[in-house]
Structure formats: C-alpha cells, structure tokens
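**Q** My structure is below; once you've seen it, I'll send some questions.
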Amino acid sequence: MYSSKPLSRQKGIALALTLFFLLILVMGGSIFFITSQTEIKHNSSYERRLEALSIAESAAERAIWRLRSADWSCQSEWDHNFGGDTKMSPIKIATGQYMRVSYPEKIFSGKDENGNAYANLKVIASGIVGQEQNGEVIPVCTKQIEIIVRVGRTVENKTPEVFDYAYFINNWGWWYYAGGEQCPGSMRSNGRFDLKKIYGSSSPWRPSGALKVNGSIEAHLDVDYHNYPPDGLAGLKNPSPNYENSPYKKSNLEKETIPNLQDMDYYKRIAEGYNPDTKTYDHAKGKINIGDKVFVDDGVFGDDESHENLILIGTQEDPVEIHDAVVIEGNLIIKGYVKTYGKTTNKPYASVYVGRNMYIADDIQYVDEPDWSTYPQWQKSTPGTDYKDPANNTFNIKDNDDGLPFDKDRPMMKGTMMDNWGGTQSVNSTKNLLAVAAAGGLVYGNYSSSNWYSERYLFGMGNEDVGADGIPDTNVWVDGHWTDPTEGDGIFQKESEDLDGDGEFRNTDYNWKDVTTTGGNRKNSAPLQNFDGLRENGKDSGPLWDPMNKIKINHYSQTATNMISTVDGVYYTQHFLAGRVANSPKFRGSLISKDEAIVYSGTLQLIQDTRYHSNYREGDPNFPIYLFPPGSLPEDEESEVLGTFQKVVNWREK
C-alpha cells in the first residue's frame, strides 16, 4: 500500500520554478536582442554594398563617357578626374561616397572583318563607401566593376630600315681575308658580324688600318658564347670597345624585317602601273630598251614573250635604259652602262624585280652618275685627322645626326654635308639610281672559271637548320650543356629558322643548282637557254650579241669576267650574293642579302648611296622599290594612337 509524503515537507520548489522560468525569459530576450542587432547590421552592410556597387557602376559609365572624347588618353588628366593612380586619394562623389577608375589598359589589338584596326581596353571602376580621417579615406565597403571596351586604333607599319645600310646580311656578316676594306657607310647583320684586320694581332692593340668603316658596325646576337661578345661583333678589339659609344649600338638589337619576293604577282602589278600608296593604276608601265630595241614595254618580261630570261649589255653610246619598275620572270644577265628613268618619281630612279637569279657579268656604271668625288667622309672628333678608329666616329643619317658639319660653301642648303650630297633637294638626287631585287641569288663574274673561288665559301652556307637563335654554328658545349640543341635537329622552326623569309625550310647548303643559269648541278659552262637579248646588226633572231666585246655569244662564260671593278646600284637578294670580282673593286650603292660570299683581292671599297636611305625616302611615296607587300611589315607600336569608344565587349562585377 503506497502513502505519499505530506506537502508540508517539500520545501522551496515554487521559488526554483520561478527562477527557472525567469532565466528562460532572460535568455530568450537576449537571443531576440542579438538577432535583431545582427539583422540590423546585416541590412546596413547590404545597403553599403549596394551603395558601393551603385557608385562603381556610375564610375564605369563616367569612364565610358570619357572614352568617347578624342583626348581621353592623357593619363595625367585621367588620373586627376578619376583618381586612376592608386597613390592618389579617390574622387569624392558625396559625403561618405568615393570612386576610382583605373587608367585603361590595352589587353588586345587586332583588326575587324573590314580590316579596321581596334584595341580592347580593360578598365576597373571602384565604388567606395567610407569616411575621411585626417585627410585620408578609410574604406568601409568597396565594390568593383571590370569593363572591357573596344576603341578605334591607328598604327603605322615600321619603316623598313634594311636599305639604310651599305652592307646588310640577314645571317652572318663578315669582312676579312683580303688586303683591306673601306666602307663609307654603315654595316649590319641580323645575326653576328666578324671583322678581321681592324686591329693588330698582338699588343699593344692598335688599329692596323686594313679595315676602315666610316660608319657603324652593328649586329644582333642575344647570347654570349663561341668567343663572341654580347653584341655579336668579333675581331674588333681586345679588350672590346665600349659598345655604348657611337658608332656601336647596344647588344640585342631588334632584328630587321627582310622582304619576301616569292609572290611576284604583287611586283608585276607595280610594274604594270599600280601604285601601292594610292591603290590605283596611276603611272606608266615599266620599259626596258637598248637603243631602238625594246625588250619590254608592258612592265613584265617573260609572261607573253617567247623567252623567260634576258641578257642586257649596254655601251656608252647605247646604254641599257630602264624606265620605272620592271619584272623579269626568269634570270637576268646584265653588264655595261645603264641609264634610268622614273616617270613615277619625277626623278631618274628605276627598279628591276628578278624572279630567279641576277648575273653581273662585268662592270655596271651609270651614264649620268652622282658626283662620287664629293661624297662626304665622316669625321673624327678631332677635325683634320685621318680616320682610323671606328670607335671614335659617329654615324647616324637619321634626324641629321651624322657627325658631319654643315656645308659652308652652300649656306642656302640647311642641312649637313650628307643632306647636300644626297638629300631630296640635292643635285645628285637628279642622277641615275638603279635598285635590283632578286628572288634567287646574285652572281658576280664567271662562275664556270677555275678561279671563281666563291663556291669554297658559298657551299658552306644556306642550311636553315640553325636552331632557336636563328644563327648557325652556335650550338656549343658550355658549362655542361649545349647552348642551342635545336640546331641541326631537322625540325623546322619557322619563327627562327626561316632565314630567307620564303616560308620554306632548307636543310642543305647551296650548290651549283643555285648558281648556274640552267639550274644544272655542274659548274661547266652550258649554252644559254631561253634567253632574249641583242642580236648582231639589230636582227630579231640569230645568236646573241655582245656589243661591248663585239662577239657572238652562246655561253655565259663568253660574256662574263671575274675582273669586275665597278658596280653601281642598290642590290637585294633573298638568298645570296656570291662571286669573284677584280683587284680593289668599288661597289657604289648597297649590298643586302641573306648570305654573302664575294671573293676579291686588294682593297674593297663599298660606298653607301645615301639617296636610298629612309631619311631621304620619306615624303616620296613612289620611290622605286616596293619590296614590302601589304601586311608583311610589323607594326610600329610607338606610333600607335588609340581612338574613341566603339562598344562594350564585357561588363562584370569583380
């Protein structure tokens, strides 16, 4: 039987329950209060984020509005208006509201489907909610909008300067193994440059006088091995001269772009009267004649004639006359006197584009030549001293900084002595000037003779498997590794190994097939095949005729000689300059090629015809040689001008 205890004996239970429920009420109130405060803070933070985002969007819209103006690109003004520089305080919009917009950053440039240039710019617009303390903005909340906008863009192509040199080699420049060389002009290589006999072979190191270069010697080489200094110039001096001084340039020179002549159709249009500048046919078609004999009068030889190759031999009485631009589809053999005409430029300048090889069989001289006897000589810093040491010389025709004094005898001519010799207003600018470009090679002398000798050097050149640096014979063992292991691997690297710019990979050296008029692989003289030229007594048929030697010719060897002493003209070839010339020859113009193997004795003299320098070609858009088709020249980034807003490409919150 169960019996409970009396209630009188259960003490304090009511008080305990009361305290328990009171605790629950207090805790609930606290939780409610905390929750309420958190919600208030959350709502306040959300509102600040919305406020900051709204400020950022407004700042982005302001930036787009600014980009619509033509003068938006002034960075100091942009920073002043938008606080673009992070070192500056943001721009105050209202109490507690600030903005900042970064200066537009170019992230892409290109051309649209219509060929119009444009650039994409990235802009970061920031909206800031904060407060100022002691003149400094303390952010409480920041939001950012990233916008990508497209703007117009204008940029010029780089001015090709490959023709600004007396001697330019796209691979390996070298001057030595003869009795001496003289070059009033500048020399450059896209690879390295070897010079011998400038300095003696033992100390004290003094100029030997064998090599005189009244200008600059430049090379591109971005590695230091194989006994070459960083500038790629070998044989200059030991120790090497200070390359920071004129005429030497700094190391790692940017490589010059060389033209590609494989698309002869482009040059045919020019020869037929097309002007690449105006994009219209606005001048006469090219023409070649000797006396009354006209070989081509429609600009192109070999397209509708019965022959593809041409031999031109001029005398003082009947010189080779070349009018404007002409294309020879096959080979060209030329020697003797030349007279040029230029209806396009109103100056007697002309050019010839050759589809294969050009053969210089003997001297080439202008009928109406410039006055070479007054050609200026660059001076040493001490007036009146003879030039010996190139390191003390200056040369830079560009911007009239060529180290030459003004011509005191011609005070009305406002320029240096070189301006007055070859400038656009000079007397010599009205004299003959011939420019020749050959898609194959340029051969001097009689290659079938026993003493031509050029093949000894030429047939060790030509292979384009040169590795990542674009320079042959630089894969050497240094500090436990090969310096250019991709050299000789048989794998074509177009960017570095397409040395001749023809888009094809050559992994063999040159041979007789590249030299002969027939394309045969033997040096022995062979009959001239498919050649047109003068015939005896002005006939239209019969054996070819040499009016200089007054003989009939059937073989190249019958009209060619290794005793070439004078060659006038600017010559460019995509592959090689090679051959034998006379004792102490004179080249008056420029020699530009991928490879060079000219054999001579005595002292070679190469005088740069500065009439062809870009400093004097500017302002004359119809200068005779248009070697660079549209799109083949890189853009000059320094000339870039960004235009106004076109559209928004992308808009996102960061």
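The values are calculated or read from the model by the stated rules, or taken from the named source; none is laboratory data. Keep in mind the model is a prediction, meaning the values are calculated, not measured. Cβ atoms come from the backbone with ideal geometry, glycine included; neighbour counts cover every protein chain shown. We work out accessible area using only protein heavy atoms, side chains counted, and drop any ligands, DNA or RNA first. Shrake-Rupley method; radii C 1.70, N 1.55, O 1.52, S 1.80 Å.
**Q** Treat each spin label as a single point 7 Å out from the Cα along the C-beta direction, and report the residue 508 to residue 282 distance in nm.
**A** About 4.7 nm separates the two model spin labels.
**Q** Here is a follow-up. Rg over Rh of the stretch 474-563, using C-alpha atoms and the Kirkwood radius, what does it come to?
**A** Rg divided by Rh gives 1.26.
**Q** Let me ask something additional. Taking 0.36 nm per intervening residue step and subtracting the Cα-Cα distance, what contour gain separates residue 523 from residue 306 on full extension?
**A** 75.5 nm
**Q** Show me 536-545, 563-572 ranked by packing, highest mean number of other Cβ atoms within 10 Å first.
**A** 563-572, 536-545
**Q** For residue 576, what charge total do you get from the other residues with a beta carbon under 15 Å from its beta carbon, if Lys and Arg give +1 and Asp and Glu give -1?
**A** Net local charge, residue 576 excluded: -2.
**Q** Between residue 74 and residue 368, what FRET efficiency follows from the Cβ-Cβ distance if R0 is 41 Å, with the result rounded to 0.05?
**A** 0.20
**Q** Net charge near residue 476, counting Lys/Arg +1 and Asp/Glu -1 over other residues with Cβ under 11 Å of its Cβ?
**A** Local charge sum for residue 476: -4.
**Q** What accessible area per residue comes out for the stretch 49-182, rounded to a whole number of Å², with a 1.4 Å probe? Each step should come with its number before you reach the end.
**A** Numbers: 6430 Å² over 134 residues.
I get 48 Å² per residue for this part.
**Q** Let me ask something additional. How big is the stretch 413-527 along each principal axis, measuring the range of its Cα positions in Å and listing the largest first?
**A** 60, 47, 27
**Q** Turning to a different aspect of this structure: State log₁₀ I(q)/I(0) for the stretch 281-371 at q = 0.11, 0.13, 0.17, 0.18 Å⁻¹ as given by the Debye formula over alpha-carbon point scatterers of equal weight, solvent excluded.
**A** Each listed q maps to, in turn, -0.28, -0.40, -0.69, -0.77.
**Q** Excluding ligands, DNA and RNA, what is the solvent-accessible area per residue of the stretch 416-473 at a probe of 1.4 Å, expressed in Å²?
**A** 28 Å²
**Q** Which FRET efficiency value, to the nearest 0.05, do you get for residue 254 and residue 481 by plugging their Cβ-Cβ distance into 1/(1 + (r/R0)^6) with R0 = 30 Å?
**A** 0.65
**Q** Moving on to the next point. Checking the table 285/513; 293/523; 285/335 against a 25 Å threshold on Cα-Cα, which pairs fail?
**A** 285/513; 293/523
**Q** Tell me the label-point distance for the pair residue 138, residue 47, using the 7 Å Cα-to-Cβ offset, in nm and rounded to one decimal.
**A** The modelled label-to-label distance comes out at 2.0 nm.
**Q** So what's the net charge close to residue 530: Lys and Arg +1, Asp and Glu -1, counting the other residues with Cβ under 12 Å from its Cβ?
**A** So the environment of residue 530 carries a net charge of -3.
**Q** What ranking, highest mean first, results for peptides 642-652, 497-507 when packing means the other Cβ atoms within 10 Å averaged over each residue?
**A** Top of the packing list down: 497-507, 642-652.
**Q** Would you mind telling me the share, in percent, of accessible area of the stretch 499-619 contributed by carbon and sulfur at probe 1.4 angstrom?
**A** Reported share for carbon and sulfur atoms: 42 percent.
**Q** How big is the stretch 527-575 by the Kirkwood estimate over distinct Cα pairs, in Å? Please list the in-between numbers first.
**A** Values: mean 1/r = 0.0779 Å⁻¹.
Answer for the stretch 527-575: a Kirkwood hydrodynamic radius of 12.8 Å.
**Q** Using Cα pairs under 8 angstrom and six or more residues apart, how large is the relative contact order of the stretch 77-137, in percent?
**A** 30 percent
**Q** Calculated FRET efficiency, residue 548 and residue 449, Cβ-Cβ r, R0 30 Å, to nearest 0.05?
**A** Values: r = 18 Å, r/R0 = 0.60.
Efficiency, rounded to the nearest 0.05: 0.95.
**Q** Next question, about the same structure. Solvent-accessible area per residue for the stretch 474-557 at a 1.4 Å probe radius, Å²?
**A** Per-residue accessible area for the stretch 474-557 comes out at 58 Å².
**Q** I've got another one for you. Given N residues in the stretch 100-174, what is its alpha carbon radius of gyration divided by 2.2 N^0.38 Å? Don't jump to the answer; show the numbers that get you there.
**A** Values: Rg = 23.3 Å, N = 75, 2.2 N^0.38 = 11.3 Å.
Ratio of Cα Rg to 2.2 N^0.38 Å: 2.05.
**Q** Amide H of residue 183: which non-local residues (sequence gap of 5 or more, or other chain) have their own amide H closer than 5 Å, using H built in the peptide plane?
**A** 212, 213, 214, 606
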